[in-house]
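Have a look at the structure below before the remarks.
The values are calculated or read from the model by the stated rules, or taken from the named source; none is laboratory data. Just so you know, these numbers come straight off a predicted model, no measurement behind them. Every residue, glycine among them, receives a Cβ derived from its backbone with ideal geometry; neighbour counts consider all protein chains shown. Areas reflect the complete protein model, heavy atoms only, side chains present, ligands, DNA and RNA absent. Shrake-Rupley method; radii C 1.70, N 1.55, O 1.52, S 1.80 Å.
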Amino acid sequence: MRIAVTGGAGYIGSHVALELMQAEHDVVIVDNLSNSSEVSVQRVADLAGHAPAFYQTDIRDVQEIRRIFSYHSIEAVLHFAGLKAVGESVSEPLAYYDNNVNGSLQLLQVMRELGIRQFIFSSSATVYGQQEQPPFAEHAALGPTNPYGHSKRMVEQLLEDLCVSDPSWRVAALRYFNPAGAHPSGLIGEVPRGVPNNLMPYVLGVLTGRYEQLRVFGQDYPTPDGTGVRDYIHVMDLASGHVAALDYLQQHAGFNVFNLGTGCGYSVLQVVETFEQVSGHGIPYTVLPRRPGDVAESFAVADKAWKSMSWRAERTLQSMCQDAWNFAQRNPEAY
Ligand code: NAD
Ligand code: WQD
């Protein structure tokens with residue numbers, strides 16, 4: 001198929017673009033490079049053996065998107081472009097609603113105009129509410145608690161309504177849990193701009209000497225070792241999950257939602273220990289109070305994707321840490 005990948009220079013989008021190219025799809029990457037670099041597109045080309053088409057364009061530039069989609073006769077859009085920092089979304093809500101909600105809306109309007117009806121959306125486990133205990137199945141109560149989470153949920157709602165209005169749409173909203181790891185080659189991976197908010201990139205910052213110690217946010221949660229538990233999923237598993245979802249959409253119209261997680265939770269200290277094992281280095285840490293807005297545990301019921309799309313996450317926490325460490329070592333200056 002001829003597929004547009006918005007945000008395809010970014011962390012998850014670059015891995016998915018590569019996976020699609022390796023599955024013989026024609027890939028067109030559209031990214032404004034606000035949180036990424038063209039180097040990742042070059043690396044994807046190196047790994048695939050041929051280059052994807054690339055446009056440094058904002059998804060809200062309707063004229064340009066229309067031109068690109070028609071020129072390439074796009075048949076499906078995988079939509080990763082957006083802003084993703086929870087804390088920043090609280091201080092910059094307009095930027096988040098503009099990029100994430102308005103950006104998606106503009107994209108869908110162009111798609112409708114051109115008759116493109118297949119869409120895969122990067123949603124997030126952050127849409128689940130705190131009124132239920134994990135594990136979260138897709139039908140669990142929703143209740144995001146910050147503008148970023150609201151923006152994801154708003155787009156899901158928009159997609160659901162669109163599919164009701166016109167049954168020819170084929171849409172999958174994929175709710176990622178905690179993406180981690182990198183391509184095993186060490187050529188593409190996560191390159192955080194500024195001080196990372198997420199656990200894994202921060203631990204890598206400690207391992208590479210950029211930060212003195214990890215700050216563990218809370219050791220008084222009702223979890224086995226008192227630290228927060230999350231469902232980390234290897235970005236390569238996420239990538240194969242998108243190809244599975246695209247295959248699924250060839251047989252299933254309408255709005256479909258899937259968790260992409262492993263179904264297993266690991267604590268902050270288990271992540272630290274695993275990084276210590278794979279790197280052979282100690283990781284100093286200090287325990288601070290809980291981070292506002294954090295929950296004790298979050299992990300998926302991952303059965304629906306397995307039953308419906310025959311997809312499940314295969315890679316271990318060890319492989320996530322190993323591949324992330326390999327990427328960090330090979331790219332000391334990032335890119
Ligand atoms: P990322 O920042 O690495 O990738 C997003 C890409 O989109 C970047 O390359 C950025 O330059 C581009 N972009 C942003 N706004 C754009 C715009 N208006 N027009 C064109 N390009 C634009 O982030 P990621 O971790 O790869 O996340 C990809 C998607 O997955 C995002 O939608 C994110 O919300 C979602 N998601 C991420 C996580 C996570 O923890 N990484 C978890 C759940 C969901
Ligand atoms: C994991 C655990 C922290 C950093 C976020 C978003 C979510 C999704 C994924 C996009 C928690 C602890 C962290 C640190 C720590 N993104 N921690 N020290 O908060 O589960 O999810 O990223 O959709 O929407 O909210 O991930 O990696 O920030 O935290 O102790 O320096 O690590 O308290 O228990 P989180 P995280």
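Taking the charge dipole of the chain about its Cα centre, with +1 at Lys and Arg Cβ atoms and -1 at Asp and Glu Cβ atoms, the residue from Asn100, Phe327, Val268 reaching farthest to the positive side is Asn100.
Taking the accessible area of the stretch 253-335, probe 1.4 Å, and keeping the other protein chains in place, the carbon and sulfur fraction comes to 48%. Candidate cross-link partners of Lys84 among the lysines, defined by an alpha-carbon separation under 28 Å and a same-chain spacing of 8 or more, comprise Lys152, Lys304.
The share of accessible area on the stretch 1-74 that comes from carbon and sulfur is 41 percent, using a 1.4 angstrom probe. Identify, among Gly87, Leu20, Phe69, the residue whose Cα sits farthest towards the positive end of the charge dipole of the stretch 1-96, taking +1 on the Cβ of Lys and Arg and -1 on the Cβ of Asp and Glu, with the dipole about the Cα centre. The residue sitting farthest along the positive end of the dipole is Phe69.
Once you reduce the stretch 167-193 and the stretch 279-294 to the center of their Cα atoms, the two points are 25 Å from each other. Rounded to the nearest 20, the Cβ-based charge dipole of the stretch 202-255 about its Cα centre (Lys and Arg +1, Asp and Glu -1) stands at 180 debye. Counting only Cβ charges, +1 for Lys and Arg and -1 for Asp and Glu, the dipole size of the chain around its Cα centre is about 140 debye. Bridges between two residues of the stretch 193-335, per DSSP, are antiparallel at a rate of about 25%.
Given a cut-off of under 8 Å on Cα pairs at least six residues apart, what relative contact order in percent is computed for the chain?
Values: 679 pairs, mean separation 63.1, N = 335.
It rounds to 19 percent for the chain.
As I understand it, the value is the acute angle between the Cα axis of helix 103-114 and the longest principal axis of the Cα atoms of the chain; what does it come to in degrees, rounded to 10? That works out to roughly 30 degrees.
What does the helix-only formula give at 222 nm for the chain: each DSSP H stretch with n ≥ 4 adding -39500 (n - 2.57), the total divided by the residues, and the result rounded to the nearest 500 deg cm²/dmol? Working shown, then result.
Numbers: 12 runs with 133 residues, N = 335.
Roughly -12000 deg cm²/dmol at 222 nm, from the helical runs in the chain.
Taking Cα centre as origin and charging only the Cβ of basic (Lys, Arg, +1) and acidic (Asp, Glu, -1) residues, the dipole magnitude of the stretch 159-263 rounds to 280 debye. Relative to the first principal axis of the alpha-carbon coordinates of the chain, what is the inclination of helix 62-71, with its axis defined by its Cα atoms, in degrees from 0 to 90 and to the nearest 10? Its long axis makes an angle of about 70 degrees.
Using DSSP, restrict attention to beta bridges with both residues in the chain and report what percent are antiparallel, rounded to the nearest 5. It would help to have the intermediate numbers written out before the result.
On the way: 3 of 44 bridges.
Around 5 percent of the beta bridges assigned by DSSP in the chain are antiparallel ones.
Spin-label pair Gln277-Val301: with each label point 7 Å from Cα along the Cα-Cβ axis, the two points sit 3.0 nm from one another.
For Glu160 and Asp247 in the same chain, what is the full-extension length gain: residue separation times 0.36 nm, less their Cα-Cα distance, in nm? Display every interim value, and only then the final one.
Details: separation 87, 0.36 × 87 = 31.32 nm, distance 1.96 nm.
So the extension gain works out to 29.4 nm.
A full extension of the chain between Glu212 and Ala51 corresponds to an added length of 54.0 nm, given 0.36 nm per residue minus the alpha carbon distance. Gain on full extension, evaluated as 0.36 nm per residue between Tyr71 and Ser310 minus their Cα-Cα distance, stands at 82.7 nm. Take the alpha carbon atoms of the stretch 99-141, find their center, do the same for the stretch 198-234, and report the distance between the two centers in whole angstrom. If you average the Cα positions of each part, the centres end up 28 Å apart.
Accessible surface for the chain, divided over its residues, is 43 Å² per residue with a 1.4 Å probe. Bridges between two residues of the stretch 164-265, per DSSP, are antiparallel at a rate of about 0%.
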